[in-house]
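Trainee: Shown below is the structure under consideration.
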Amino acid sequence: MKQGIVVIGSANYDFVYRVAHIPRPGETIIAKERMTNPGGKGANQAVAAARAGGIVHFIACVGKDSQGERLLESMGSSGVKGSGIRILEDQPTGMANIYVSDDGENCILVLPGANEKVDIALLDEQDELLRNGQIVVCQLEIPLPTVCEALKRAHAYGAVTVLNPSPVQLLPDELLQCVDILIPNETEMAALIGHTPSDEELKAYAVQKQIGTIVLTLGGRGCCIVTKDQVTYLPCRSIEAVDTTGAGDTFLGALATRLGERYSIEEAAQFAMAASAITVSRIGAQQAMPYRAEIPQGITPDLPTT
Ligand code: RIB
């Protein structure tokens, strides 16, 4: 029987700089402090899903260095199963420089390192995990051919396939056709379509690209769920953001866990918004992510007063 969530993706060691504002081109600014944290979109999503209560396997590469060790420790202590992680002698662990401004916004620069080696040979080695996964999740911080192959196989094996198109790039139709749930933010959605889409254009995109469902995250405004027939807006609780790093990853991981428990996509999205509200209230990526007991179950969102 198919069981659990399989995440194929990146693991980065994050260097996080607190700054008054995100530097503009040509500008030099002074940081207030620097922290280092385990991160990377793939690892973050795996950790978020495991902490939310999912059985999670992670397929990835890290370097044989102290950053890789710290990532393995963070994932292991969160309950992520790491038999699919390759430790490479000749590659450094992926790294990210993250600027977090006083208003909680961020800007991220990634140096892939070992993430570039998440290749089809690794998928072959870990094919059993892909065959058995109930939900298979990818992002775009590893080579695109690997993402295409992973989701193509998972789709053929009958898993629910989830793609977070981040960092955004143009995607082949053959890939999108294998995606059951696409989870972009507003910037990524606009980049994929070519402009900020209307609700009608969102539905038309889902039909044209044969994507089952699009869950468009809207930051502090919640999310919307797009199918070929309808667009449903789900508002979220208003919360003061301290650091939005990893908020989207928490959303995705918690959503995958809840879907694996056979909740509807709407209920899963409510759970995921509650989880990411906790992440943005704390500093960092993985260390900010909540465990299941902290996440309100069946929350009622605060509806905006108009
Ligand atoms: O989504 C947040 C993550 O993006 C960070 O942890 C960073 O490593 C980059 O991958």
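The values are calculated or read from the model by the stated rules, or taken from the named source; none is laboratory data. Just so it is clear, the model here is predicted, and its values are computed rather than measured. FYI the Cβ positions are ideal-geometry reconstructions off the backbone, even for glycines, and counts take in every protein chain you see. In case anyone asks, the SASA skips ligands and DNA or RNA and just uses the protein heavy atoms, side chains included. Shrake-Rupley method; radii C 1.70, N 1.55, O 1.52, S 1.80 Å.
Trainee: Tell me which residues, restricted to the stretch 44-73, are within 19 Å of residue 125 (Cα to Cα) and small (Gly, Ala, Ser).
Mentor: Passing the criteria: 60, 63.
Trainee: Moving on. Given the residues 88, 111, 71, which is the only one that is within 16 Å of the ligand (Cβ to nearest atom), over 25 Å from residue 260 (Cβ atoms) and touching a strand residue (DSSP E or B) at 6+ places or on another chain (Cβ under 7 Å)?
Mentor: Numbers: 88 fails: within 16 Å of the ligand (Cβ to nearest atom); 71 fails: over 25 Å from residue 260 (Cβ atoms).
One residue alone meets the criteria, 111.
Trainee: Now a separate question. Could you tell me which numbered condition residue 45 fails, if it satisfies all but one of (1) closer than 18 Å to residue 280 by Cα; (2) open to solvent by 10 Å² or more (accessible area, probe 1.4 Å); (3) among the polar types (S, T, N, Q)?
Mentor: Unmet condition: (2).
Trainee: Next question. Among the residues of the stretch 88-109, write down those that are under 19 Å from residue 249 (Cβ atoms), open to solvent by less than 50 Å² (accessible area, probe 1.4 Å) and in contact with a helix residue (DSSP H, G or I) (Cβ under 9 Å, 6 or more places away or on another chain).
Mentor: Matches in the stretch 88-109: 93, 94, 104.
Trainee: So, one more: Scan the stretch 19-35 and give yes if some residue there is open to solvent by less than 40 Å² (accessible area, probe 1.4 Å), under 22 Å from the mean Cα position of the chain (by Cα) and within 15 Å of the ligand (Cβ to nearest atom), otherwise no.
Mentor: Taking every residue of the stretch 19-35 in turn, none turns out to be open to solvent by less than 40 Å² (accessible area, probe 1.4 Å), under 22 Å from the mean Cα position of the chain (by Cα) and within 15 Å of the ligand (Cβ to nearest atom).
Per-residue answers, yes or no, for (1) open to solvent by 10 Å² or more (accessible area, probe 1.4 Å); (2) assigned to a loop (DSSP other than H, G, I, E, B); (3) touching a strand residue (DSSP E or B) at 6+ places or on another chain (Cβ under 7 Å); (4) farther than 22 Å from residue 100 by Cβ:
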residue	(1), (2), (3), (4)
197	yes, yes, no, yes
207	yes, no, no, yes
214	no, no, yes, yes
250	no, no, no, no
276	yes, no, no, no
